[in-house]
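Structure record follows, encoded as structure tokens.
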2 protein chains.
Amino acid sequence: MMTVNYSDAKHRFIQQWGALGTVWGISRTMAQIQAVLLLSPEPMTADEIMEELGISRGNVSMSLKSLIEWGVATKEYKAGERKEYFRAEKDIYRVATQVAHERRKRELEPMLHMLESIKDMDDQEVSKSKREEMKKVSSNILDLGKKCDSLLKKFISAEKNWFLNKIMKL
Amino acid sequence: MMTVNYSDAKHRFIQQWGALGTVWGISRTMAQIQAVLLLSPEPMTADEIMEELGISRGNVSMSLKSLIEWGVATKEYKAGERKEYFRAEKDIYRVATQVAHERRKRELEPMLHMLESIKDMDDQEVSKSKREEMKKVSSNILDLGKKCDSLLKKFISAEKNWFLNKIMKL
DNA sequence: ATTTAATTTCAATAATTATTGAAAATTCAA
DNA sequence: TTGAATTTTCAATAATTATTGAAATTAAAT
């Protein structure tokens, strides 16, 4: 079996994680910065991240701000130093629950509100079959959506081992 | 309680579903076409969809093609008619399993392969702590990733009620 | 208070992604 | 086959999203 050197492995990790970011609604750079921080044993400065990824100061600053808003990175200060240091949340289960928490709020909640707001649609101007189809489809989506909501809430607040054990026993 | 008329409800549904599409890695239009088809009691022609959403023929053709590739829409023919008709998968649980199937293949699998390929990283040129951090982080992600993989596979192939019952009992 | 270091903001620009529309291809009927 | 109806493709363009970089801001040290 061919071994892989550190810098190739790091490169693959950063690229793959970045690519995933773009289909998960965060920018490639944000995900790449998270990847760099995940691999770093020590917290890093914005300068070091700039250097590592070859991107601008502004971009690093804004991306770090977003990562912190998503709850997957933190800012730290070292005694006697003026610079700020950044650290990624390394407990990947914790990262998953944070992401679930944010996405539930940003995506699922507005969808459920819309579906609720449609429940009392009534309109004689339009055919019965159209009205019925809307009622049927939207209530089906609402049902499944509520189940997802309930599962996500459990996932977000449950103790890690309890949840994974339950899931793995299915 | 104020009632909502059909066309407002339809508009809200299409907009919200479309907005969700963009954060789920499909284009707004693709998601909007799916929404229109979901609300339609009868299969629709490309012309009708064009008209309904005010978008170009080419866009409709390409978006429908993608929806079919994702396994959430089908093409149909009516006896004695030359035009093609399109229908959305209305069983929303089925839509969810199809999406899970595709995303597992497109996103999770490549990530797991990358993580496996990094397992045998070895490199004396770099500090022990960096190597160890990479080993630790990547194996943690791999563990959780494999659990997700296993859960997704169950979800994709399980019988609907069995799965939902299990999940709701957690 | 002033200087210096560090960070943030945001208008301008670049890069990416989505959409159009007309030409090419396909499909069916005569 | 030829011709009309329909669909697909894809280069050009538009729209959106990400990134830069320099000015403004903030914060610490002198």
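Can you tell me which of (1) within 11 Å of chain A (Cβ to nearest Cβ); (2) closer than 30 Å to residue B:137 by Cβ is the one residue B:92 doesn't meet? Against the list (1) within 11 Å of chain A (Cβ to nearest Cβ); (2) closer than 30 Å to residue B:137 by Cβ, residue B:92 comes up short only on (2). Of the candidates B:131, B:106, B:82, B:87, the single residue that is in contact with a helix residue (DSSP H, G or I) (Cβ under 8 Å, 6 or more places away or on another chain) and modelled with pLDDT under 95 is B:106. Going by the conditions given, is residue A:4 among the aliphatic types (A, V, I, L, M) and either away from chain B (no Cβ under 12 Å) or near DNA strand C (Cβ under 10 Å from one of its atoms) (or both)? Judged against the criteria, residue A:4 is not a match. Of the residues making up region B:7-39, those that are away from DNA strand C (no atom under 16 Å from the Cβ) and in contact (Cβ under 8 Å) with a residue 12 or more places away in the chain are B:10, B:13, B:38, B:39. Checked against (1) modelled with pLDDT of 95 or more; (2) loosely packed, with under 12 Cβ neighbours inside 10 Å; (3) touching a helix residue (DSSP H, G or I) at 6+ places or on another chain (Cβ under 8 Å), residue A:118 passes all but condition (2). Pairing each residue of region A:57-76 that is more than 10 Å from DNA strand D (Cβ to nearest atom) with any residue that is assigned to a helix (DSSP H, G or I) and small (Gly, Ala, Ser), provided the two are 6+ apart or on different chains, yields C-beta distances under 8 Å for A:64/A:46. Checking A:123, A:149 one by one, the residue that is in contact with a helix residue (DSSP H, G or I) (Cβ under 7 Å, 6 or more places away or on another chain), within 13 Å of another protein chain (Cβ to nearest Cβ) and either assigned to a loop (DSSP other than H, G, I, E, B) or touching a residue at least 60 places away in the same chain (Cβ under 8 Å) (or both) is A:123 and no other.
For residue A:87, the criteria (1) within 12 Å of DNA strand C (Cβ to nearest atom); (2) surrounded by fewer than 17 Cβ atoms within 10 Å (Cβ to Cβ); (3) within 18 Å of the chain's Cα centre (by Cα) hold in every case but one, which is (1).
The residues listed here are A:128, A:146, A:105; of these, the one that is more than 16 Å from DNA strand D (Cβ to nearest atom), within 23 Å of the chain's Cα centre (by Cα) and over 24 Å from residue B:144 (Cα atoms) is A:146. Scan region B:126-135 for residues that are facing chain A (nearest Cβ under 9 Å), part of a helix (DSSP H, G or I) and surrounded by 13 or more Cβ atoms within 10 Å (Cβ to Cβ) and the total you get is 4.
Residues that are of a type outside the set (A, V, I, L, M, F, W, C) and within 11 Å of DNA strand D (Cβ to nearest atom) were ranked within region A:34-56; the one that is surrounded by the fewest Cβ atoms within 10 Å (Cβ to Cβ) is A:54.
Scanning region A:7-52 for residues that are at the interface with chain B (Cβ under 7 Å from one of its Cβ atoms) and under 16 Å from the mean Cα position of the chain (by Cα) yields A:16, A:20, A:23, A:25, A:38.
The values are calculated or read from the model by the stated rules, or taken from the named source; none is laboratory data. Since the structure is predicted, the reported quantities are computational estimates derived from the model, not experimental observations. We place every Cβ from the backbone using ideal geometry, glycine too, and count neighbours over all the protein chains shown.
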